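Right, one structure below, let's go through it.
The values are calculated or read from the model by the stated rules, or taken from the named source; none is laboratory data. Nothing here was measured: the structure is a model prediction, and the numbers come from that model. When we count neighbours, we look across all protein chains shown, and the Cβ atoms used for this are built from the backbone with ideal geometry, even at glycine.
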Amino acid sequence: MNTPERAPKGRGSRVDPPNRFDKVRVEPDYEHFENDDEFLEERSTVTTEFFDDDSQSIVSENESPDVPFRYSLNPYRGCEHGCAYCYARPTHEYLGLSAGLDFESKILVKRRAPELFREFLARGAWQPELIVFSGVTDCYQPAERRFRLTRGCLEVALEARQPLGIITKNARVLRDIDVLSEMARLNLVHVNFSLTTLDPELARTMEPRTSRPAARLEAVSRLSQAGVPVGVMTAPIIPGINDSEIPALLEAAAAAGAGRAGYVLLRLPLSVSPVFMEWLRRTRPTQAPRVESLIRGTREGRLNASQFGTRMCGTGQIAEQVEQTFRVFARRYRLDGPLPELDFSQFRPPQTKSGQLRLF
């Protein structure tokens with residue numbers, strides 16, 4: 001779709017893989033425009049578009065034994081962060097869109113998220129369990145600055161005393177430190193930061209619209225100082241790219257005040273694979289064959305394996321080395337224990353928007 005020198009600026013993907021549900025694919029051909037600088041310049045600017053998502057529910061249930069929580073809430077579909085490795089990219093294909101540029105430039109916004117969350121928690125059948133923001137896309141992606149849906153949902157959770165876990169790689173979470181510190185005082189929240197690298201240049205190309213590594217560590221520090229329990233996920237670990245950074249990542253996380261750490265090995269399901277491999281060959285052409293070989297070495301010769309129990313950590317000697325390295329340094333920096341337990345006893349169903357009280 002794009003010539004290499006005029007590829008989309010500030011985007012993690014430079015390709016739009018075919019949607020696996022489409023029977024017909026249209027392939028743009030710009031051969032006759034190769035000398036039209038004005039046209040090519042226009043093609044190099046991909047503007048983020050926002051669309052209303054009229055979902056009638058906001059909390060999703062997950063049954064995977066590999067995921068340590070049952071319920072999650074996602075205010076947005078698609079993610080502006082544009083991480084080349086993002087496992088959530090194929091979810092955009094259910095919307096008739098692409099897992100490539102569409103995923104990071106066409107964002108669906110669940111404007112009723114706080115209202116729907118309130119209705120969910122007010123149900124008589126709800127027995128409080130952990131709800132995680134977000135299990136798929138980042139709840140603090142740049143769109144949150146404009147729509148403030150995560151903030152609205154946090155306020156509902158605080159009112160209801162509903163315990164939450166938050167996963168993000170954006171320092172924008174500090175905007176809500178007032179609500180988070182109050183929830184932490186009541187033992188109602190954990191925040192987990194995804195910290196993939198300490199190299200700002202690698203982060204800029206691989207995770208183009210996320211917060212810089214230094215900003216994430218600063219956010220970890222400020223949240224910790226405010227009494228908010230913070231963990232760090234060194235995820236994904238990419239053999240040959242950032243696996244050598246595991247000791248430094250864990251040392252930096254501990255110094256910033258993190259209380260625990262975890263990791264996930266890179267996985268490339270479905271249309272994530274062509275997006276990531278294009279990024280790898282473009283940004284690291286000389287390393288790409290070796291990195292691909294290492295990745296395949298953790299997935300029995302493939303780029304992805306979906307078996308429960310191993311899909312998050314891989315198999316084989318390389319995967320074992322990653323696991324051993326992580327375990328040793330997590331223990332050294334005292335990041336191998338749990339965060340403080342959340343308190344589910346305080347839950348109280350919130351009043352619905354209509355003001356109608358529950359009879360039972």
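P285 meets the conditions (1) under 17 Å from the mean Cα position of the chain (by Cα); (2) surrounded by fewer than 22 Cβ atoms within 10 Å (Cβ to Cβ) in every case but one. The failed one is (1). Considering L180, L198, L217, the condition of being surrounded by fewer than 22 Cβ atoms within 10 Å (Cβ to Cβ) and not β-branched (V, I, T) is satisfied by L198 alone.
For S273, the requirement of being farther than 30 Å from A160 by Cα, within 20 Å of the chain's Cα centre (by Cα), at pLDDT below 95 and of a type in the set (S, T, Y) is not met. Residues of segment 234-282 that are among the charged types (D, E, K, R) and in a helix (DSSP H, G or I): D243, E245, E251, E278, R281, R282.
Summed over segment 110-134, the residues that are touching a strand residue (DSSP E or B) at 6+ places or on another chain (Cβ under 8 Å) and surrounded by fewer than 19 Cβ atoms within 10 Å (Cβ to Cβ) give a count of 3.
Only residues that are over 30 Å from G257 (Cα atoms), of a type in the set (S, T, N, Q) and assigned to a helix (DSSP H, G or I) were counted across segment 284-340, and they come to 2. Looking only at residues of segment 135-177 that are surrounded by fewer than 23 Cβ atoms within 10 Å (Cβ to Cβ) and of a type in the set (G, A, S), we find that the one that is nearest to E104 (Cα to Cα) is G135.
If I ask for residues that are surrounded by fewer than 24 Cβ atoms within 10 Å (Cβ to Cβ) and of a type in the set (K, R), which ones from segment 75-109 would you list? Residues satisfying the conditions are R77, K106. Taking the criterion of being surrounded by fewer than 21 Cβ atoms within 10 Å (Cβ to Cβ) and not aliphatic (A, V, I, L, M), the residues of segment 261-278 that qualify are G262, P269, S273, P274, E278. When each of L195, L266, L249 is tested for being under 30 Å from G297 (Cα atoms), at pLDDT 95 or above and touching a Lys or Arg at 6+ places or on another chain (Cβ under 7 Å), the lone residue that passes is L195. Taken as a whole, segment 266-284 holds at least one residue that is touching a strand residue (DSSP E or B) at 6+ places or on another chain (Cβ under 9 Å) and over 21 Å from D102 (Cα atoms). Residues that are in contact with a helix residue (DSSP H, G or I) (Cβ under 6 Å, 6 or more places away or on another chain) and farther than 22 Å from V272 by Cα within segment 203-215 comprise R212, P213, A215, listed in sequence order.
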